[in-house]
Amino acid sequence: MSVVKSVEEMVGSTPVFLFEENGTEIMVKLESYNPGGSIKDRAALAIIQQAEKRGQLKPGGVIIEPTSGNMGVALAMLGVSCGYRVIIVMPDTMTLERRKLITAFGGELVLTEGAQRMTGALRKADELAKTIPGAFMPHQFKNDANPFANEETGREILKDTDGKLDIFVAGIGTGGSFTGASRVLKKEIPSIQCVALEPSESAVISGDRPGPHGIQGIGAGFIPDTFDRSLADRIMCIPSASAMSTTTWFTKTYGLMVGISSGAAIYASRHIAKEVGPGKRILCLAPDTGERYLSVLYSK
């Protein structure tokens with residue numbers, strides 16, 4: 001194991017778990033192995049570094065961001081350790097575990113009405129930013145540093161698979177991880193199929209109205225600027241119940257605790273494996289750890 005001197009050095013280079021179904025290889029890239037426990041560490045680090053270079057973040061500055069949780073954890077972890085004040089705004093429907101992690105890292109938490117989904121959190125964050133001097137809003141839903149950071153995710157996937165991959169699967173929250181990774185994968189593997197996921201109950205990319213759902217981390221209720229629709233060969237709508245049941249199945253079957261959006265990606269991958277038949281290789285992103293959803297998935 002390598003020796004590091006900062007948490008920033010620990011971001012990325014996450015492992016891949018392989019299992020087989022119907023003669024198809026399903027690979028799960030475990031982003032919970034990032035220091036903050038999720039794929040959002042990648043984007044948070046890139047956004048902070050970009051803001052510092054541009055002079056948008058100065059010593060003693062304040063970071064304010066609306067988030068469904070994981071970006072808040074990542075910004076609190078990285079931002080506070082860099083000497084910034086971090087204020088996270090999120091819907092009150094997000095899990096207690098995520099809220100406690102943010103405050104544990106030293107972040108401040110502002111909760112908005114869950115029924116307003118991420119739109120309400122965005123509105124409140126904008127209000128706060130106008131009243132706090134030196135405030136910087138990362139705007140993860142439209143910041144180009146978000147997908148740019150995940151181009152490295154794509155390069156890691158190429159290395160993980162030796163460039164041999166048929167299908168890439170990822171959920172759409174901000175769309176940054178899907179967009180960044182897909183850019184790289186499509187350039188290097190022209191035949192690859194990139195599949196984007198959203199909740200069945202809030203399938204706005206597919207043209208439906210936003211609605212409440214149980215797959216925290218994806219399905220923001222609007223189409224983010226950081227999602228490049230042209231890179232998606234297919235949009236799959238995943239029922240919340242299927243995502244949750246697959247999450248617990250995967251954890252109990254393989255001893256790896258993943259989050260609900262990971263369950264959605266694994267569910268989609270298993271479904272696709274049945275469609276394409278044997279001999280194919282599918283890789284999906286597992287954005288975070290299931291430890292953030294104990295109160296939701298394992299409360300009984």
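The values are calculated or read from the model by the stated rules, or taken from the named source; none is laboratory data. For clarity, every value in this text was computed on a predicted model and none was experimentally measured. Here the Cβ positions follow ideal geometry from the backbone for every residue, glycine too, while neighbour counts run over all protein chains shown.
Side notes on the structure shown:
- Unique match (being at pLDDT 95 or above, closer than 20 Å to residue 7 by Cβ and in a strand (DSSP E or B)) among 26, 63: 63
- From 71, 77, residue being outside the structural domain of residue 293 (by TED's automatic domain parsing), at pLDDT below 95 and part of a helix (DSSP H, G or I): 71
- Residue list for the range 284-300, filter: among the small types (Gly, Ala, Ser) and under 15 Å from residue 252 (Cα atoms): 290
- Residues being β-branched (Val, Ile, Thr) and farther than 23 Å from residue 69 by Cβ are entirely absent from the range 210-228.
- Filter pass, residue 247 being within 16 Å of the chain's Cα centre (by Cα) and farther than 24 Å from residue 155 by Cα: yes
- Test for residue 88: is it more than 20 Å from residue 260 (Cβ to Cβ) and buried (at least 20 other Cβ atoms within 10 Å of the Cβ): no
- Exactly one residue out of 247, 253 is outside any loop (DSSP other than H, G, I, E, B) and in contact with a Phe, Trp or Tyr (Cβ under 8 Å, 6 or more places away or on another chain): that is 247.
- Residues satisfying the criterion are absent from the range 109-123 (criterion: in a helix (DSSP H, G or I), surrounded by fewer than 22 Cβ atoms within 10 Å (Cβ to Cβ) and within 17 Å of the chain's Cα centre (by Cα)).
- Selection count, the range 129-158, where residues are in a helix (DSSP H, G or I), surrounded by 21 or more Cβ atoms within 10 Å (Cβ to Cβ) and aromatic (Phe, Trp, Tyr): 0
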